[in-house]
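The values are calculated or read from the model by the stated rules, or taken from the named source; none is laboratory data. Computed from a predicted structure; not experimentally measured. Glycine also receives a Cβ, built like all others from the backbone with ideal geometry; neighbour counts cover every protein chain displayed. Surface areas here come from the heavy atoms of the whole protein model, side chains and all, with no ligands, DNA or RNA. Shrake-Rupley method; radii C 1.70, N 1.55, O 1.52, S 1.80 Å.
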Amino acid sequence: MGKVQVNLKLDEDLVQEVEKLVEKGYFKNKTEVFIHALKLVLRYYKAQELREKFEKIRERTESLPSVTSAVVSLHEEEDAG
(Lines give C-alpha, C1' and ligand atoms only; values in the text may rest on other atoms or scores of the structure.)
Protein backbone atom coordinates (compact mmCIF):
# COMPACT_ATOMS: atom_id res chain seq x y z
CA MET A 1 0.00 0.00 0.00
CA GLY A 2 1.44 3.37 -1.01
CA LYS A 3 1.93 6.29 1.28
CA VAL A 4 0.32 9.69 0.85
CA GLN A 5 1.57 12.89 2.41
CA VAL A 6 -1.02 14.91 4.31
CA ASN A 7 -0.41 18.47 5.43
CA LEU A 8 -2.16 19.61 8.60
CA LYS A 9 -2.42 22.83 10.53
CA LEU A 10 -2.53 22.03 14.23
CA ASP A 11 -2.65 24.02 17.41
CA GLU A 12 0.83 24.68 18.72
CA ASP A 13 -0.10 23.23 22.12
CA LEU A 14 -1.08 19.93 20.54
CA VAL A 15 2.19 19.69 18.62
CA GLN A 16 4.14 20.45 21.80
CA GLU A 17 2.36 17.61 23.58
CA VAL A 18 3.20 15.28 20.70
CA GLU A 19 6.84 16.38 20.82
CA LYS A 20 6.91 15.59 24.56
CA LEU A 21 5.81 12.02 23.79
CA VAL A 22 8.67 11.69 21.32
CA GLU A 23 11.17 13.22 23.77
CA LYS A 24 10.07 10.75 26.46
CA GLY A 25 10.78 7.91 24.06
CA TYR A 26 7.22 6.66 23.62
CA PHE A 27 7.52 7.15 19.87
CA LYS A 28 10.39 7.53 17.39
CA ASN A 29 9.00 10.69 15.80
CA LYS A 30 5.89 12.85 15.41
CA THR A 31 4.70 10.92 12.39
CA GLU A 32 4.59 7.74 14.45
CA VAL A 33 2.49 9.53 17.09
CA PHE A 34 -0.03 10.74 14.53
CA ILE A 35 -0.26 7.33 12.84
CA HIS A 36 -0.88 5.68 16.21
CA ALA A 37 -3.50 8.29 17.14
CA LEU A 38 -5.33 7.91 13.83
CA LYS A 39 -5.39 4.13 14.20
CA LEU A 40 -6.91 4.54 17.67
CA VAL A 41 -9.59 6.87 16.31
CA LEU A 42 -10.43 4.49 13.48
CA ARG A 43 -10.57 1.53 15.87
CA TYR A 44 -12.88 3.49 18.20
CA TYR A 45 -15.37 4.33 15.45
CA LYS A 46 -15.31 0.81 14.00
CA ALA A 47 -16.06 -0.55 17.48
CA GLN A 48 -18.87 2.01 17.84
CA GLU A 49 -20.39 0.81 14.55
CA LEU A 50 -20.20 -2.81 15.75
CA ARG A 51 -21.87 -1.89 19.06
CA GLU A 52 -24.70 -0.23 17.13
CA LYS A 53 -25.13 -3.30 14.89
CA PHE A 54 -25.18 -5.65 17.90
CA GLU A 55 -27.72 -3.41 19.62
CA LYS A 56 -30.00 -3.53 16.56
CA ILE A 57 -29.69 -7.32 16.44
CA ARG A 58 -30.41 -7.56 20.17
CA GLU A 59 -33.49 -5.37 19.82
CA ARG A 60 -34.84 -7.57 16.99
CA THR A 61 -34.23 -10.81 18.89
CA GLU A 62 -35.38 -9.73 22.38
CA SER A 63 -38.72 -11.47 22.02
CA LEU A 64 -37.11 -14.79 21.05
CA PRO A 65 -36.29 -17.36 23.73
CA SER A 66 -32.72 -17.37 24.95
CA VAL A 67 -30.36 -20.05 23.70
CA THR A 68 -29.73 -21.11 27.30
CA SER A 69 -33.45 -21.61 27.89
CA ALA A 70 -33.75 -23.66 24.71
CA VAL A 71 -30.82 -25.91 25.65
CA VAL A 72 -32.13 -26.42 29.20
CA SER A 73 -35.55 -27.26 27.82
CA LEU A 74 -34.09 -29.84 25.43
CA HIS A 75 -32.13 -31.49 28.24
CA GLU A 76 -35.24 -31.60 30.44
CA GLU A 77 -37.16 -33.26 27.61
CA GLU A 78 -34.36 -35.85 27.17
CA ASP A 79 -34.29 -36.56 30.91
CA ALA A 80 -38.07 -36.96 31.03
CA GLY A 81 -38.21 -39.21 27.98
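Is it possible to state the helix-based mean residue ellipticity at 222 nm for the chain, with each DSSP H run of 4+ residues giving -39500 (n - 2.57), the sum divided by total residues, to the nearest 500 deg cm²/dmol? What is it? Don't skip to the end; give the middle numbers.
On the way: 3 runs with 58 residues, N = 81.
Calculated at 222 nm, the ellipticity per residue is -24500 deg cm²/dmol.
Got a sec to turn the phi values of the stretch 5-11 into Karplus ³J(HN,Hα) couplings, 6.51 cos²θ - 1.76 cosθ + 1.60 with θ = phi - 60°, whole Hz, x for Gly and Pro?
7, 10, 9, 10, 10, 10, 4
Using a Cα-Cα cut-off of under 16 Å, which aspartates and glutamates could be cross-linked to Lys28, ignoring same-chain neighbours fewer than 8 residues away?
Within reach: Glu17, Glu19.
Under a Cβ-Cβ cut-off of 13 Å, what is the net charge of the residues other than Glu59 that fall near it, where Lys and Arg count +1 and Asp and Glu count -1?
Net of charged neighbours comes to +2.
Around Tyr26, under 12 Å between beta carbons, what's the net of Lys plus Arg minus Asp minus Glu among the other residues?
On the way: positive: Lys20, Lys24, Lys28, Lys30; negative: Glu17, Glu19, Glu23, Glu32.
Charge balance in the 12 Å sphere: 0.
For Ala37, what is the net charge nearby, where nearby means another residue's Cβ is under 13 Å from its Cβ and Lys, Arg count +1, Asp, Glu -1?
Details: positive: Lys30, Lys39, Arg43; negative: Glu17, Glu32.
Net local charge, Ala37 excluded: +1.
Quick one: with all protein chains in place, what share of the accessible area of the chain is carbon or sulfur, to the nearest percent (1.4 Å probe)? Before the final figure, lay out the partial values.
Values: 4600 of 8060 Å².
In the chain, the share of accessible area belonging to carbon and sulfur is 57 percent.
In whole Hz, what ³J(HN,Hα) sequence does the stretch 60-74 give by Karplus (6.51, -1.76, 1.60; θ = phi - 60°), x for Gly and Pro?
After applying 6.51 cos²θ - 1.76 cosθ + 1.60, I find 6, 10, 4, 6, 7, x, 6, 4, 4, 4, 5, 5, 4, 4, 4 Hz.
Using θ = phi - 60° and the Karplus curve 6.51 cos²θ - 1.76 cosθ + 1.60, what whole-Hz ³J(HN,Hα) does each residue of the stretch 35-50 get, with Gly and Pro shown as x?
Once θ is set to phi - 60°, the couplings for the stretch 35-50 become 4, 4, 4, 5, 4, 5, 4, 4, 4, 4, 6, 5, 5, 4, 4, 5 Hz.
Taking every pair of distinct Cα atoms and averaging 1/r, then inverting, what Kirkwood hydrodynamic radius in Å comes out for the chain? Walk me through the numbers before you get to the answer.
On the way: mean 1/r = 0.0564 Å⁻¹.
With all distinct Cα pairs of the chain included, I get 17.7 Å.
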